[in-house]
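Written out below as structure tokens is the structure these notes cover.
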Amino acid sequence: MLINLRSMKTILNFCIPLFLLFLVSCANDQTITNQTYVFTKPYCATVTVGGVVGLAEKCYKIGDIVVGTETTSGKLTIRIAEHSYLNDGPPSSASYQEFLDVPLNYLEITK
């Protein structure tokens with residue numbers, strides 16, 4: 001019985017740090033930070049505005065400055081509207097788009 005307790009303790013002493021190392025390695029390496037970008041090319045996208053209007057064109061000109069978060073898919077996520085209770089719950093005709101993904105080749109990070 002004593003041998004089994006020692007071997008069990010050895011296994012636990014080995015497995016717990018190994019498990020913690022595994023958890024740390026699974027963490028997202030990308031630090032999510034908002035940075036300021038400037039448009040280097042004109043960009044337009046159709047966005048959902050909700051209500052009776054439905055859709056609208058959202059356009060940016062060269063030199064427009066935005067703050068966003070870069071994603072790993074080569075896009076920048078920009079907040080185009082503040083969150084409200086209209087977007088809580090399931091999608092409806094009153095829901096609207098809060099974020100816009102813009103390809104990074106339209107933008108340049110400001111210094």
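Some notes on this structure:
- Conditions (1) open to solvent by less than 40 Å² (accessible area, probe 1.4 Å); (2) within 15 Å of the chain's Cα centre (by Cα): number failed by V38: (2)
- Members of the range 80-97 found to be surrounded by fewer than 16 Cβ atoms within 10 Å (Cβ to Cβ) and not aliphatic (A, V, I, L, M), listed by number: E82, H83, S84, Y85, D88, G89, P90, P91, S92, S93
- Within the range 24-35, considering residues that are open to solvent by 90 Å² or more (accessible area, probe 1.4 Å) and modelled with pLDDT of 65 or more, the one nearest to K75 (Cα to Cα): N34
The values are calculated or read from the model by the stated rules, or taken from the named source; none is laboratory data. Not measured: the values here are computed from a predicted model. Reconstructed Cβ throughout: ideal geometry from the backbone, glycine too, with neighbour counts over all protein chains shown. Protein only, heavy atoms only, side chains kept; ligands, DNA and RNA dropped before computing areas. Shrake-Rupley method; radii C 1.70, N 1.55, O 1.52, S 1.80 Å.
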